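Visitor: Mind looking over this structure? Questions follow.
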Amino acid sequence: MNRFGIFLPVMLLAVASSVRAGIPTPDLLSTDPAEPRAHQQFDLVYTLESCGDIFAADTPSNRTVEVVGNAIRVTALYASQLCLGGQPYAPSYRWRIGPLNSGIYQVELRGYNEQGGPANSFPIASGEVTIAPSIPVPTPAVIPASGTSWLLGMIVLIAVAAASRIRRT
């Protein structure tokens with residue numbers, strides 16, 4: 001094979017990959033809320049542009065959520081990828097995650113069918129999620145009292161005001 005015979009397929013592959021790299025692709029996995037916080041639950045959301053993947057209802061028997069280190073794996077019962085004309089489709093699916101510590105987590109969504117079970121799952125989508133630190137709860141502002149003499153003074157002042165009001169009537 002001459003140099004041109006090797007060069008042409010390599011060049012076509014490079015051009016094809018650069019053209020595809022310029023096409024924006026949607027993020028299939030996202031979170032709700034968009035910026036989850038530590039020690040709070042959030043939803044992992046799988047979004048579809050059109051009819052496609054179909055998952056069973058999100059019940060504990062139809063999914064598992066595993067967190068090992070900084071990896072989150074959701075394995076869900078996958079119904080089908082069959083898409084018929086006019087068929088309604090769910091624009092997104094959600095799975096509850098957390099609460100987790102703050103950090104960056106690799107997320108993987110896997111599917112399985114009833115025949116193979118979760119042990120024979122297959123990849124559907126993957127991504128990354130950043131869990132922000134939790135927002136500290138502000139402590140209430142407390143005005144310190146200056147001892148029992150301050151409290152006693154307030155009681156006397158209230159008593160004098162009440163007596164003055166009673167005399168006027």
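Visitor: From (1) surrounded by 13 or more Cβ atoms within 10 Å (Cβ to Cβ); (2) modelled with pLDDT of 90 or more; (3) part of a strand (DSSP E or B), pick out the condition that doesn't hold for PRO123.
Guide: The single condition PRO123 does not satisfy is (1).
Visitor: Can I ask one more? Please name all residue pairs, on different chains or six or more residues apart, with Cβ atoms under 6 Å, provided the first residue is in the stretch 103-126 and is under 29 Å from ALA38 (Cα atoms) and the second residue is loosely packed, with under 11 Cβ neighbours inside 10 Å.
Guide: From residues that are under 29 Å from ALA38 (Cα atoms), the pairs are ARG110/PRO123.
Visitor: Follow-up. Does at least one position in the stretch 44-63 carry a residue that is open to solvent by 40 Å² or more (accessible area, probe 1.4 Å) and modelled with pLDDT of 90 or more?
Guide: There is no residue in the stretch 44-63 that is open to solvent by 40 Å² or more (accessible area, probe 1.4 Å) and modelled with pLDDT of 90 or more.
Visitor: Out of all the residues in the stretch 72-95, is one or more of a type outside the set (Ser, Thr, Tyr), open to solvent by 70 Å² or more (accessible area, probe 1.4 Å), in a loop (DSSP other than H, G, I, E, B) and modelled with pLDDT of 75 or more?
Guide: Scanning the stretch 72-95, I find at least one residue that is of a type outside the set (Ser, Thr, Tyr), open to solvent by 70 Å² or more (accessible area, probe 1.4 Å), in a loop (DSSP other than H, G, I, E, B) and modelled with pLDDT of 75 or more, so the answer is yes.
The values are calculated or read from the model by the stated rules, or taken from the named source; none is laboratory data. Nothing here was measured: the structure is a model prediction, and the numbers come from that model. Because the Cβ atoms are built from the backbone with ideal geometry, glycine has one as well, and the counts that use them run over all protein chains shown. The area values use the complete protein model at the heavy-atom level, side chains included, leaving out ligands, DNA and RNA. Shrake-Rupley method; radii C 1.70, N 1.55, O 1.52, S 1.80 Å.
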